[in-house]
Amino acid sequence: MKSLVKNKKLLLLTLLILLTLFSCSFTEDEKDKKDPAVHPDLSLYNTTYKIGRSEGNPFIIEADEIDLYKKDHKALGKGISFTRYNDDGELDLIGTCDSIDIDTKDEDATLTGNVNLNIKKEGLLVQSLQIQWDSATSILDTGDGEVTVFWDDGNTIEGKGFTANLRTRVFELGKITNGIINEKN
């Protein structure tokens, strides 16, 4: 009798386990799937990186850290300072930013966070939260972003939409919101 009761309990337990297993789904819904962690192919620390061809006028970037993602054609950097020289080997511009996102295929870049760009020849200091660099056209552009431009002579303009063409040396501001202009006698 004990073995019959024991067998019934074992059979009941087995049926409960099977019922539980068949009622559960072990497949993930598409919405539940998470992207796998993406790790850089190479991380460089306290390094120098160039954007542009050596025979042109490349940006020379000093970075606390740069992570390279070969498959995505990306280089992401933090703690950035950069320089660029003109055709005569003179310092053309110098600057800093918190981070940079470089497209390693076309060498365009986005500078973000406390961007300070000093265009030496024209005596301009440009400050913005973000500036885009188009390597093919040599244009720096803040888009519709806010910008402050300081001149060596004390003039200051705040506005939106600053564009600097480093080939033609044409500088434009889309909209002026505030400024101080001192006329020379």
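The values are calculated or read from the model by the stated rules, or taken from the named source; none is laboratory data. Just so you know, these numbers come straight off a predicted model, no measurement behind them. All Cβ positions, even for glycine, are placed from backbone atoms using ideal geometry, and neighbour counts span all protein chains on display.
The table for this structure:
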| item | result |
| --- | --- |
| Within the range 88-104, considering residues that are more than 18 Å from the chain's Cα centre (by Cα) and in contact (Cβ under 8 Å) with a residue 40 or more places away in the chain, the one nearest to LEU140 (Cα to Cα) | LEU93 |
| Breaking point among (1) on the phi > 0 side of the Ramachandran plot; (2) exposed (fewer than 14 other Cβ atoms within 10 Å of the Cβ); (3) in a strand (DSSP E or B), for GLY89 | (3) |
| Top-ranked residue in the range 92-132 [being within 23 Å of ILE157 (Cβ to Cβ) and among the small types (Gly, Ala, Ser); ranked as surrounded by the fewest Cβ atoms within 10 Å (Cβ to Cβ)] | GLY123 |
| VAL115 vs. criteria at pLDDT below 95 and assigned to a strand (DSSP E or B) | no |
| Residues located in the range 53-64, provided they are modelled with pLDDT under 90 and surrounded by 16 or more Cβ atoms within 10 Å (Cβ to Cβ) | ASN57, PRO58, PHE59 |
| Leading residue by the ranking (nearest to THR137 (Cα to Cα)) among those in the range 158-177 that are part of a loop (DSSP other than H, G, I, E, B) and modelled with pLDDT of 90 or more | THR168 |
| Test: residue in the range 76-87 that is over 19 Å from TYR49 (Cα atoms) and free of Cβ contacts under 8 Å to residues at least 40 places away in the same chain | yes |
| Any hit, the range 92-103, residues being touching a Cys at 6+ places or on another chain (Cβ under 8 Å) and assigned to a strand (DSSP E or B) | no |
| Long-range neighbours under 7 Å by Cβ, at least six apart or interchain, first residue over 23 Å from ASP88 (Cα atoms) within the range 105-128, second of a type in the set (Ser, Thr, Tyr) and surrounded by 16 or more Cβ atoms within 10 Å (Cβ to Cβ) | ASP106/SER135; ASP108/SER135; THR112/SER99; GLY113/SER99; VAL115/SER128; ASN116/THR96; GLN127/THR148; SER128/THR142 |
